[in-house]
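Peer 1: I am attaching a structure below and will ask some questions about it afterwards.
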Amino acid sequence: MPSRGDLVRDWHRGVQAVARGDWGCALRLFSGDPEPPARMCFNVGCVHLLAGDPEAALRALDQAVTKDACLAVGFFQRGVANFQLERFQEALTDFQLALAQLRGNTTIDYTQLGLRFKLKAWEVLFNVGAAQCRLGLWAEATRSLEEALSKGPEGAGDDLHAALGQLQKQVPLQPRQVPRGEVFRPHRRHLEHLEPVDFLGKAKVVSSAIPDDQHEDSQPRQPQVRGVDGEGRPGAAPRARGSGPCRTARPCGPRMPPEAETEVGSGLGAQRPRVEQVGRQVPPRLPVAGGPEPRPSEDPLGAGGAAMEEPASLVTITVQCAFTLALRVPRGVDLASLRGLLSQALGHQAQRAQLSYQDPSNKGRWVPLPGEEALQRAWRDSVAGAGALQLQCRPQGAGGRAALYQVVAQHSYFPRGPEDLALQRGDVVDVLCEVDQAWLEGHCDGRVGIFPKCFVVPAGQDV
């Protein structure tokens, strides 16, 4: 089963094959999808017409209008295929169906959907007249062209007057069709998304257990000291006689400031994060010269070197990001200090991602925090409530694009083309762009695409 990226890539290559006139290559590339959408079937039909095979074009265009009964240009091209097969009654029916799908409008512009063509009502009426004259309905054909003349632009008047003159002489007309080489194209943003993106970056060794390791920015294995139980454990390195007070050896790699020192998990749920406290700092106790160092259970600093606070005076902040971390923050911390702690704990992700919080009053849904006021409100509710704040650090949309807001899928949506975004009921979508009054562009679970606005509701409403 080809991936979506492979299908979009083949689609783009098929369009390039059409541009250079390689019909066989274009048909092979357009036919790679086992369940092609209506627009791909339309492309196959147009290529068969260009290759001089109206019978195969008719089969492909039948599939196109079956998959999308509102595809007016599909009925228009199918009428052309029936006309070339001299099935004039079927061609007349197709042109009338195309006219019905215009729904009284003078033009349908397919540019936004990838087809650089505008289907005009006067051109459809012209084809209706062409089919009628082949059936011997000369009077009806004349009325169809007169109606086309009333709806057509000034530039089309000369052609229509000439066609009326041919009907007066009972000379048959040839139908109009989509310009040669014009087919549905994939959207440019989908082609941009085919380029690989490294979201995680490259691994870098910050601490090595191999002696004399030559990795850049790496540190040799830490010396071991023996505790009172005789077992080796990381501790103070041997110091020369007469040197200053012994200092606890710590890794030389990057570390978080003491205000936000935490234990981090893998982000895959393999281990729970160890909760650390953030509060006033207490200077570390120095070991007595010649005596044993304090064992971990004797550490007077509690977790992470912070003085123990009463549980009732602390708020637990859990942040789900590339890793999961937990902070214990005093209830009296102001917003500026809280923002500083989050920036120190998350590093560059605090600037490149968007924070959301789990709203317990809204069935636990994730609600975006677009600014300082929203974060202030979430922090105030957590302090006044259960003393816990659940945050989520999510990438800004896709490709660095910021999300405008979030919506929740009210109904499942099955895509009709590779540019559509498949939705399941209950999916939370970051809205990246409002395409028009009826369509949105969004990001969900690493996927980007467009979807109907009527299938979703703003985040926070009941689904």
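Peer 1: Anything over 25 Å Cα to Cα? Flag those among Lys67/Lys151; Lys120/Lys453; Lys67/Lys453; Lys118/Lys169, in the order listed. Numbers along the way, then the final one.
Peer 2: On the way: Lys67/Lys151 30 Å; Lys120/Lys453 27 Å; Lys67/Lys453 21 Å; Lys118/Lys169 31 Å.
Check vs 25 Å cut-off fails for Lys67/Lys151; Lys120/Lys453; Lys118/Lys169.
Peer 1: With a point put 7 Å past each Cα toward its Cβ, work out how far Ala100 is from Ala336 in nm, to one decimal.
Peer 2: For Ala100 paired with Ala336, the spin-label model returns 7.0 nm.
Peer 1: A follow-up question, please. Beyond 28 Å, what share of the Cα-Cα pairs of segment 4-169 is found? Please give it as a whole percent. Present the calculation step by step, with values, prior to reporting the outcome.
Peer 2: Numbers: 3626 of 13695 pairs.
I get 26 percent for the Cα pairs in segment 4-169 exceeding 28 Å.
Peer 1: With labels modelled as points extended 7 Å from the Cα through the Cβ direction, what inter-label distance (nm, one decimal) is found for Asp359 paired with Gln166?
Peer 2: 6.3
Peer 1: Which of the three applies to segment 5-70, rounded, prolate or oblate, going by the alpha-carbon gyration tensor with a ≥ b ≥ c and a/c under 1.5 meaning rounded?
Peer 2: Values: a/c = 2.18, a/b = 1.13, b/c = 1.92.
Oblate, since a/c reaches 1.5 and b/c is not below a/b.
Peer 1: If you don't mind, there's one more thing I want to ask. Would you kindly calculate the mean projected area, averaged across all directions, of the convex hull enclosing the Cα atoms of segment 405-458, in square nanometres? Intermediate results must be reported in sequence, preceding the final value.
Peer 2: Working: hull surface 12.6 nm².
Taking the Cα atoms of segment 405-458, their convex hull projects to 3.2 nm² on average.
Peer 1: Express in nm, to one decimal, how much length is gained between Glu192 and Asp420 on full extension, taking 0.36 nm for each residue of separation and deducting their alpha carbon distance. Don't skip to the answer; put the middle values down first.
Peer 2: On the way: separation 228, 0.36 × 228 = 82.08 nm, distance 1.54 nm.
Here the answer is 80.5 nm.
Peer 1: Restrict the search to segment 71-130; then list the GluC sites (Glu not before Pro) that DSSP places in a loop and that have at most 12 other Cβ atoms within 10 Å of their Cβ. Show your work: numbers first, answer last.
Peer 2: On the way: sites: Glu86, Glu90, Glu123; in loops: Glu86.
Taking segment 71-130 and a limit of 12 other Cβ atoms within 10 Å, the loop GluC sites (Glu not before Pro) found are Glu86.
Any read-out appearing in this document is the output of simple, stated calculations on the displayed coordinates, not a laboratory observation. The shown structure was predicted, so the numbers you read here are calculated from the model rather than taken from an experiment. Backbone-built Cβ (ideal geometry, glycine too); neighbour counts: all protein chains shown.
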